[in-house]
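J.: Please see the structure below; I have some questions.
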Amino acid sequence: MRIAIIGSGYVGLVSGVCLADFGHDVTCIDQDAGKIDRLNQGEVPIYEPGLEELIAKNVDAGRLQFTTDLVAPVAGAEVVFIAVGTPSRKSDGHADLSYVYSAAAQVARAVKGFTVIVTKSTVPVGTGDELERIIAEANPAADVAVVSNPEFLREGAAIADFMAPDRVVVGLNDERARAPMAAVYAPLDPAKYPLLFTSRRTAELTKYAANAFLALKLAYINEIADLCEHVGANVQDVSRGMGLDNRIGQKFLNAGPGYGGSCFPKDTLALVKTAQDHSSPIRLIETIVGINDTRKRAMARKVERAVGGELRGKTIGILGLTFKPDTDDIRESPALSIIQALQDRGARLKAYDPEGMSAMKQVLPELTYCDGVEDAAAEADALVIITEWSIFRNLDFARLKQLMAAPVLVDLRNCYQSADVKAKGFTYISVGRPDDLDEA
C-alpha cells in the first residue's frame, strides 16, 4: 500500500519505519527541513534502539522516503496517518489539537480519490468528528474516511511493540475504511496480535483509558511504598505478592520516583479535562495526577535525609535524566522536579545520563554535566539513581568509595539490595524497603 505519515517525531517515525518494514511504500513528511535533511543523510533525530538500522534497511529497499513536501505523497496515498504532537495546553491542561487540525486541513486539500485519514496522534474523544468538519470545510470534494488508530508504543521498546503488539485498535464509522486498515496490518498474525475494530470514539477513549490505568498502577504502588517505609514492609515483596495474582499482573508495579514521559502526564490530565467537560469526572485519575506531581519533589527529602538533613553546600551526583532508560526523552522526567527541589535546597549538582544530557542542557544549562559515572561521583556527598539505565546496575562501589566525599547511594529505582551495598561500605537508601537508613 501507499502510505503517507504526517509528522516525523517519535510516533510518526517509528510507525512509518515499521510500516515500511511490513512491505508498504511509506513517505514520512515533516515541515522541519533540518529533521528531514538529517533523516535523508541517515541520521536519526531520536534515540530508539534498533531504529537507525531499520531506517537504513527500508531506505535501501526503496520502501521508505522522507520529505517536506506534503502534496505529492498525500495525493498518491491510499492511507494517510496524522502523527503530530498533542501537548498539554499550558492555559488549561487540555490537549492542544492545533497541530492535528492544521495537518488535517493540509491533507484535505491534497487528497486525490478515496483516502483513509488516520489519527495516530493521541486525541480526546470526539476529535475525529471535528476532523471531518475541518476536512469538509477545507475541501468539500474530498472523499475520505476518518479513522482513529491510537498508538501503544513504549519508548525504548517501540519497534517490538509495533511489530508484535498486544492489540491494534482501529476505530471507524465509515465501513469503507475497514478493508484498507485491515490491509495496513495484514502482515500481523491476527491469532497472535488481535486487530480490534470499534467505533471511532471508542478507539479514541481506549487510548486514554489504557494510559490512565497504567499511571494509576504506578501511583498506587508508590503510595504503598510510602506505607511500607512506615510499617517496616518491603514494597518489592508486596509488589510480587500482588503481581502473581493474574487478575493484577506484575507490570507497572515497580515503586519509584513517579511517572513521566511524553504520554502518561499529558494523557491523564487530558482525560481529567475531557471527563470534567462532559460532567462525568473521574476522581481516581484526578487524584493520581496530584499524587505524581507531589511525589517527584518529595524524593529530594530522601536525598536530604541521606546527607544528614542539610543539603546546602553539599555536592550531589545525579545518575539518570531521562524519564526511563533506552530513550533520550526527558519530557516530564522525575529528574526535572527532583533536580529543581535539590537546587532549591542549596545543593550543588553534577549529572550524567547516557543519552539524555543533550536535551537536558536545553532545559537546565546551569547543571554540571559529566562524562561518566566516575565524573559524577568525584567529591560527591551522595549519588542518586533516578533512571535505571543498565550501566547504573553494575556500579564499581570500591572505586566510587575512593572518589566520593561520602559513600552514600540513594537508589530511587531499587536497583540494588540493601545488604549488598552496605557490605561495600555505603549508606544506602531506596524506595519502600525497611532498614536502608542504618549506617553501613
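J.: Checking the structure you have, find out if any residue of region 208-222 is small (Gly, Ala, Ser) and assigned to a loop (DSSP other than H, G, I, E, B).
T.: First, pick out the residues of region 208-222 that are small (Gly, Ala, Ser): 209-210, 212, 215, 219.
Adding the requirement that they be assigned to a loop (DSSP other than H, G, I, E, B) leaves none.
No, region 208-222 has no match at all.
J.: Additional query: Count, please, the residues in region 252-302 that happen to be closer than 16 Å to residue 338 by Cα, touching a helix residue (DSSP H, G or I) at 6+ places or on another chain (Cβ under 6 Å) and among the β-branched types (Val, Ile, Thr).
T.: Total meeting the criteria: 1.
J.: Follow-up. Does residue 199 meet the test of being closer than 30 Å to residue 78 by Cβ and surrounded by fewer than 20 Cβ atoms within 10 Å (Cβ to Cβ)?
T.: Working: closer than 30 Å to residue 78 by Cβ: yes; surrounded by fewer than 20 Cβ atoms within 10 Å (Cβ to Cβ): yes.
Answer is yes for this residue.
One line per residue, one yes/no per condition, for (1) aliphatic (A, V, I, L, M); (2) crowded, with 20+ Cβ neighbours inside 10 Å; (3) not assigned by TED's automatic domain parsing to the domain that holds residue 101:
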site: 19; (1), (2), (3): yes, yes, no
site: 34; (1), (2), (3): no, no, no
site: 45; (1), (2), (3): no, no, no
site: 58; (1), (2), (3): no, yes, no
site: 69; (1), (2), (3): no, no, no
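J.: Could you tell me whether residue 227 is surrounded by 17 or more Cβ atoms within 10 Å (Cβ to Cβ) and of a type in the set (A, V, I, L, M, F, W, C)? First the steps, then the outcome.
T.: Values: surrounded by 17 or more Cβ atoms within 10 Å (Cβ to Cβ): no; of a type in the set (A, V, I, L, M, F, W, C): yes.
No: the conditions fail for residue 227.
J.: Follow-up question, since we're still on this one. Would you pick out the residues in region 228-241 that are in contact with a helix residue (DSSP H, G or I) (Cβ under 8 Å, 6 or more places away or on another chain), aliphatic (A, V, I, L, M) and farther than 12 Å from residue 431 by Cα?
T.: 238
J.: For residue 304, are the conditions met, namely being touching a Ser or Thr at 6+ places or on another chain (Cβ under 8 Å), farther than 27 Å from residue 269 by Cβ, not in a strand (DSSP E or B) and not β-branched (Val, Ile, Thr)?
T.: For residue 304, the condition - touching a Ser or Thr at 6+ places or on another chain (Cβ under 8 Å), farther than 27 Å from residue 269 by Cβ, not in a strand (DSSP E or B) and not β-branched (Val, Ile, Thr) - is not met.
J.: Inspect all residues belonging to region 238-252 and state whether any of them is buried (at least 20 other Cβ atoms within 10 Å of the Cβ) and either assigned by TED's automatic domain parsing to the domain that holds residue 434 or modelled with pLDDT under 95 (or both).
T.: yes
J.: Is it true that some residue in region 198-208 is in the same structural domain as residue 385 (by TED's automatic domain parsing), out of contact with any strand residue (DSSP E or B) (no Cβ under 8 Å at 6 or more places or on another chain) and touching a residue at least 12 places away in the same chain (Cβ under 8 Å)?
T.: So far as region 198-208 goes, yes, one or more of its residues are in the same structural domain as residue 385 (by TED's automatic domain parsing), out of contact with any strand residue (DSSP E or B) (no Cβ under 8 Å at 6 or more places or on another chain) and touching a residue at least 12 places away in the same chain (Cβ under 8 Å).
J.: Could you tell me whether residue 325 is assigned to a loop (DSSP other than H, G, I, E, B), touching a residue at least 24 places away in the same chain (Cβ under 8 Å) and either farther than 21 Å from residue 307 by Cα or not small (Gly, Ala, Ser) (or both)? Lay out the reasoning, then the answer.
T.: Values: assigned to a loop (DSSP other than H, G, I, E, B): yes; touching a residue at least 24 places away in the same chain (Cβ under 8 Å): yes; either farther than 21 Å from residue 307 by Cα or not small (Gly, Ala, Ser) (or both): yes.
Yes, satisfied.
J.: Can you pull out the residues in region 152-166 that are of a type outside the set (A, V, I, L, M) and in a loop (DSSP other than H, G, I, E, B)?
T.: Narrowing region 152-166 to residues of a type outside the set (A, V, I, L, M): 152, 154-156, 161-162, 165-166.
Of everything in region 152-166, those that are of a type outside the set (A, V, I, L, M) and in a loop (DSSP other than H, G, I, E, B) turn out to be 152, 154, 155, 156, 165, 166.
The values are calculated or read from the model by the stated rules, or taken from the named source; none is laboratory data. A quick note: this is a predicted structure, and the numbers were derived from the prediction, not measured. A quick note on method: Cβ atoms are made from the backbone with ideal geometry, for glycine too, and the neighbour counts reach across all protein chains shown.
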